[in-house]
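Reviewing the structure listed below.
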Amino acid sequence: MCRHWNLTRFAGKVVEGLTVTRAMSSGLTGVEAGKRAAARAAVDNHIKTGQAVGIGSGSTIVFAVERIAERVKSEKLQLQCVPTSFQAKQLIQDNNLTLSSLETCPKLDIAIDGADEVDDDLNCIKGGGGCLTQEKIVASCAKDFIIIADYRKNSGSLGTYWTKGIPIEVIPMAYRPVQIRVAAELGGKADLRMAIRKAGPVVTDNGNFILDWVAPENTHNWEVVNQKIKMIPGVLETGLFIKMARVAYFGNEDGSITSRTPP
């Protein structure tokens, strides 16, 4: 199901053209305007007072947290916010939102997060930022999991636009055996993700490594692939989010919104 919008909600009212006008007035164009539009639409359509909310990670979620903070201030919303990463925790605190945890709120009403790519069934690749395990845990605890992204992440099938590979979080001592088994059992190649501004590999918030697995072109049954990878000892989690999202909002360059729900 696909909808095309050029509107958003503001203070409980639907106002046509507001997304484009406000994005441009903020000095945002193109991709950034799309991210902001998608984030604001998701927050305005799904956040209500009294909710426990999972806060995702990445560049798009920054706009969502800003909008949540605006609504908390203007509408006096009462929310409990559970982070998926250190970055998300900082965003919650910097915007004076109520920080919570899965220990306090093990059942969430909603989780909002970005994605690296989303297919026609709303299956997602996540983990480009290395927060996949916490993101999946939080999403799995939410009644509704909402994806926000710019138009570049809207794909017919996984691996079409996101060509960096499927992120796999692994225990450090097991990264090499996992590399070998993934290649032997599923084909393709799993590379250890290396840090850019430090020597050595990327280290996750959990103290683990990330493998980026570039799958063979004929890989289609991602649900089966996901289960096979997770059965390999040493694998903590994968960046394949299968049949988890309720709706995805994609922001376009002109500030309009494309929303999709699973078939």
Quiz item: For the chain, what is the calculated [θ] at 222 nm in deg cm²/dmol (nearest 500), taking -39500 (n - 2.57) for each run of four or more DSSP H residues and dividing by its residue count?
Solution: -9500 deg cm²/dmol
Self-check item: Accessible surface, per residue, of segment 140-241 when the full set of protein chains is kept, probe 1.4 Å, Å²
Solution: 53 Å²
Exercise. Sort M194, M244, M231, M173 from largest to smallest accessible area, using a 1.4 Å probe on the heavy atoms of the protein chains.
Key: M173, M231, M194, M244
Exercise. Determine how large the accessible area of W222 is when every protein chain is in place; take a 1.4 Å probe and give Å² rounded to the nearest 10.
Key: 30 Å²
Quiz item: For the chain, what's the relative contact order in percent, using C-alpha pairs closer than 8 Å and at least 6 residues apart?
Solution: 26 percent
Practice problem: Read through the labelled values [x] 30; [y] 26; [z] 34 and report the label of the one computed as percent of Cα pairs over 28 Å apart from the structure. | Solution: [z]
Exercise. Answer with one residue from I112, Q51, F145: the one whose Cα lies farthest towards the positive end of the charge dipole of the chain, charges on Cβ with Lys, Arg +1 and Asp, Glu -1.
Key: Q51
Quiz item: Which FRET efficiency, nearest 0.05, do N45 and A184 yield, Cβ-Cβ r, R0 45 Å?
Solution: 0.50
Quiz item: Using a probe of 1.4 angstrom, how much of the accessible area of segment 84-230 is carbon and sulfur, in percent?
Solution: 51 percent
Quiz item: Just how much of L158 is accessible, in Å², when a 1.4 Å probe is used and the result is rounded to the nearest 10?
Solution: 10 Å²
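Which value, in debye to the nearest 20, gives the size of the charge dipole of the chain about its Cα centre, when Lys and Arg are +1 and Asp and Glu are -1 at the Cβ?
360 debye
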Exercise. List the GluC sites (Glu not before Pro) within segment 90-178 that fall in a DSSP loop (any state other than H, G, I, E or B) and whose Cβ has at most 13 other Cβ atoms within 10 Å.
Key: E103
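The values are calculated or read from the model by the stated rules, or taken from the named source; none is laboratory data. The model shown is predicted, which means the values in this text are computed figures rather than measured ones. Positions of Cβ are generated from backbone atoms using ideal geometry, with glycine treated the same way; all protein chains shown enter the neighbour counts. Areas reflect the complete protein model, heavy atoms only, side chains present, ligands, DNA and RNA absent. Shrake-Rupley method; radii C 1.70, N 1.55, O 1.52, S 1.80 Å.
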